[in-house]
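The values are calculated or read from the model by the stated rules, or taken from the named source; none is laboratory data. Keep in mind that this is a model prediction, so the values were computed, not measured. Because the Cβ atoms are built from the backbone with ideal geometry, glycine has one as well, and the counts that use them run over all protein chains shown. Accessible surface is based on the protein model in full, side chains and every heavy atom, while ligands, DNA and RNA are left aside. Shrake-Rupley method; radii C 1.70, N 1.55, O 1.52, S 1.80 Å.
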Amino acid sequence: MTDRFGYLLVHFVEDAQGHAEKVYLSLSEGDDPLRWRRLNGGEAVLESRLSTTGVRDPFLVRRRDGAGFHVLATDLRVWGRGEPDWDAFTRHGSRSLVLWDSTDLVTWSAPRLVEVAPPSFGMAWAPTVSWDAQAGHYRVFFSGKRFADDDPDHTGDAAAAVWCATTSDFETFSDPELYLALPTGVIDLVAVPDGDLVHVVAKQDDAATDSAAVFHQVRHGFDDAAGRTVATRIGADLGPHVEGPLLFRENDGGRWFLWVDQYDSQPQGFRALTSHDPASGSWTPVPEGEFVMPLNTKHGGLIPLTRQEWERVAAHDAARVFVPERDELTTTERTM
């Protein structure tokens with residue numbers, strides 16, 4: 001992609017009192033990856049009334065064939081239905097992701113459900129997408145608990161692991177395969193190619209003894225199962241509990257940024273770290289005041305834009321016309 005200018009961020013907002021488990025968009029101030037404003041007057045751009053009626057952890061992906069863009073999100077509503085039961089969410093949660101489609105980033109389809117995990121799974125959370133150039137398809141990573149085949153009620157023990165399904169069109173998806181597992185659980189994986197390397201950042205369960213928390217591996221290709229861990233407990237000095245890593249390279253190629261979502265105390269939301277050499281595992285927090293982001297901007301993904309795209313999104317925001325194309329409900333099933 002040439003003429004890179006600016007970035008578009010998709011995210012959600014935590015609100016235990018209202019219903020903010022929807023899709024929000026934020027736009028960079030010009031080409032600055034550290035200064036952001038929330039679009040649509042701070043209101044959500046997309047909402048799902050399917051399944052759980054809530055979405056979290058959205059991710060934005062640009063199609064390699066130029067056919068448009070997709071938002072993928074966790075199908076989960078935590079608030080507004082009594083006291084949250086996280087154990088139940090992981091045992092009997094949605095096995096589908098919620099997807100929206102767009103050709104221009106301002107007009108979006110109605111939501112559709114995509115089943116990515118079989119009945120042995122308790123949930124499918126925190127989707128991220130990477131283009132695998134060697135294989136010629138997209139890798140869709142998600143966190144899931146898989147229970148024993150003789151445990152249809154999901155009453156046994158199972159640790160969260162990261163699974164990978166593949167797709168070429170975001171309509172049909174392969175059966176998921178295990179990608180990264182730790183005995184104590186691992187979630188929130190993002191994988192970003194960098195030449196011959198792939199940077200993999202994920203989160204180990206905080207409750208694990210000597211947890212690595214948010215950690216960074218360097219792999220020689222997506223299928224390098226060994227990897228090399230170059231950093232652990234990334235962002236731990238920014239808050240006692242961080243998750244949801246977001247990793248990207250600045251448009252001019254000079255710096256890399258790693259954002260982590262601080263969720264332990266108010267206000268919640270992203271904190272930023274930076275590196276000129278990510279393969280070294282050296283990540284430095286961005287000084288307070290240099291990262292300007294609306295409070296409670298949580299767990300999402302971003303894409304770089306062209307100048308024309310940035311200007312189109314900004315113009316539509318001024319007109320407040322981010323609306324879905326239609327309201328019918330659609331479902332896409334996993335390829336068996």
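The table below gives the values:
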{"item": "Förster radius 45 Å - calculated FRET efficiency between residue 252 and residue 150, Cβ distance, rounded to 0.05", "result": "0.25"}
{"item": "Inter-label distance, nm, simple model (7 Å from Cα along the C-beta direction), residue 134/residue 184", "result": "3.1"}
{"item": "Amide H contacts of residue 213 (H built 1.01 Å from N, under 5 Å, at least 5 apart or other chain)", "result": "204, 233"}
{"item": "Nonlocal amide H pairs with residue 13, under 5 Å, H built at 1.01 Å", "result": "22"}
{"item": "Under 19 Å from the residue 49 label point (7 Å along Cα→beta-carbon), backbone N, segment 1-23", "result": "19-23"}
{"item": "Additional length obtainable on full extension of the chain from residue 236 to residue 292, 0.36 nm per residue less Cα span", "result": "18.2 nm"}
{"item": "Residue-wise HN-Hα coupling along segment 90-103, computed from phi with Karplus coefficients 6.51, -1.76, 1.60 (Hz; x: Gly, Pro)", "result": "7, 9, 9, x, 6, 9, 10, 9, 9, 10, 10, 10, 8, 9"}
{"item": "Residue 153 accessible area, 1.4 Å probe, all protein chains in place, Å² to nearest 10", "result": "100"}
{"item": "Accessible surface ranking that places the most exposed of 145, 203 first, with a 1.4 angstrom probe", "result": "145, 203"}
{"item": "Å² of accessible area per residue within the chain, as computed with a 1.4 Å probe and no ligands counted", "result": "43"}
{"item": "Order of exposure, largest accessible area first, which applies to 259, 283 with probe 1.4 Å", "result": "283, 259"}
